[in-house]
Structures are given as C-alpha cells and as structure tokens.
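Below is one structure, written out as structure tokens; comments come after it.
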C-alpha cells in the first residue's frame, strides 16, 4: 500500500488499513468506496481518498477529482440497481457544515419521494445487507 497520510483515530483510515470491516464497492491504489454503515437510505455509499485529508481545502485536486468521478460512477450504478427517484451526492467541510467524520468523503444517497431522508442515518445497517448491496453495485460498475 502506498505511503498515505493517516490519522490513527480516524475510522475511515482504519477501514483503509483493513482494521475495521466494510462492504467495499471499489478499492484501488488511491481511493475506496464502500457502503455507509449508518445509511440514510438503501444504497447509501461513500467515496474516500485513501490518504487522510480532512476537508476539500486539504485534499489534492487530483484525488478530489478521482473521488468525484467514482461518485458519478456509483450514482449511475445505484440508479441501475435501486431505481431511485433521485440521487443526492453530498460532501461536507467542517462541523458547522455537518461533517461528522473528519476525513474527506462524498455521500451517494439514493432517494425516493415518499421518504424524508436525513443525510446521516441513525441506526447501523445489517452487515449482510450492506454486503449484498455492495455486490450489486460492484456488478453494475463492471
């Protein structure tokens, strides 16, 4: 694995290092995408750089671009797999803006009209269900 900046107490850095399990959708030498463990809707995914950059103000432009391109690919896959009525792609910078994990990340959230979803889910999802969703999205990306 490349020499990325890391933060020992960061949950996303622990996922990148393999110390915390995740339902991985995509993993390459620079970025990773996985299902949100506390989803606000079915299919809620995250894209992160493997290096620890707290906000958009810190992330190198090429990594931010790579994350955005992967978010678009996952949005297309989610549209195909889950058939939502809309898709939110969100990114927060700083606590005042709603950031709760201080490692740059983008949310891809399928949306349906009858639901009033928040951005951050309140309950942890079933790991087997997240794994199944990740497999569906991986297949759609192929």
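Suppose we filter 114, 123 for residues that are assigned to a loop (DSSP other than H, G, I, E, B) and either in contact with a strand residue (DSSP E or B) (Cβ under 9 Å, 6 or more places away or on another chain) or within 26 Å of residue 9 (Cα to Cα) (or both); which single one remains? Steps first, please.
On the way: 114 fails: either in contact with a strand residue (DSSP E or B) (Cβ under 9 Å, 6 or more places away or on another chain) or within 26 Å of residue 9 (Cα to Cα) (or both).
Unique residue meeting the criteria: 123.
If I go through the stretch 79-94 residue by residue, how many of them are surrounded by 15 or more Cβ atoms within 10 Å (Cβ to Cβ), in a helix (DSSP H, G or I) and either touching a residue at least 60 places away in the same chain (Cβ under 8 Å) or in contact with a helix residue (DSSP H, G or I) (Cβ under 6 Å, 6 or more places away or on another chain) (or both)?
1
Suppose we filter the stretch 1-21 for residues that are free of Cβ contacts under 8 Å to residues at least 60 places away in the same chain and assigned to a loop (DSSP other than H, G, I, E, B); how many remain?
Going through the stretch 1-21 one residue at a time, the tally reaches 12.
Report yes if some residue within the stretch 60-69 is touching a strand residue (DSSP E or B) at 6+ places or on another chain (Cβ under 6 Å) and part of a loop (DSSP other than H, G, I, E, B); otherwise report no.
No, the stretch 60-69 has no match at all.
Just one of 106, 133 is touching a helix residue (DSSP H, G or I) at 6+ places or on another chain (Cβ under 7 Å), closer than 12 Å to residue 45 by Cα, at pLDDT 95 or above and buried (at least 19 other Cβ atoms within 10 Å of the Cβ); which is it?
106
I'd like to know if the stretch 51-72 contains one or more residues that are closer than 19 Å to residue 136 by Cβ and buried (at least 19 other Cβ atoms within 10 Å of the Cβ).
yes
Looking at (1) at positive phi; (2) surrounded by 15 or more Cβ atoms within 10 Å (Cβ to Cβ), which is the only condition residue 18 fails?
(2)
Among what's in the stretch 23-50 and is over 15 Å from residue 107 (Cα atoms) and in contact with a helix residue (DSSP H, G or I) (Cβ under 7 Å, 6 or more places away or on another chain), pick the residue that is surrounded by the most Cβ atoms within 10 Å (Cβ to Cβ).
Selected residue: 50.
Suppose the filter is in contact with a helix residue (DSSP H, G or I) (Cβ under 8 Å, 6 or more places away or on another chain), surrounded by fewer than 18 Cβ atoms within 10 Å (Cβ to Cβ) and modelled with pLDDT under 95; does residue 115 pass it?
no
For the stretch 27-39, how many residues meet the condition of being touching a residue at least 24 places away in the same chain (Cβ under 8 Å) and either closer than 22 Å to residue 124 by Cβ or part of a helix (DSSP H, G or I) (or both)?
7
The values are calculated or read from the model by the stated rules, or taken from the named source; none is laboratory data. All values reported here derive from a predicted model rather than from experimental measurement. Every residue, glycine as well, gets a Cβ built from its backbone with ideal geometry; the counts of neighbours run over all protein chains shown.
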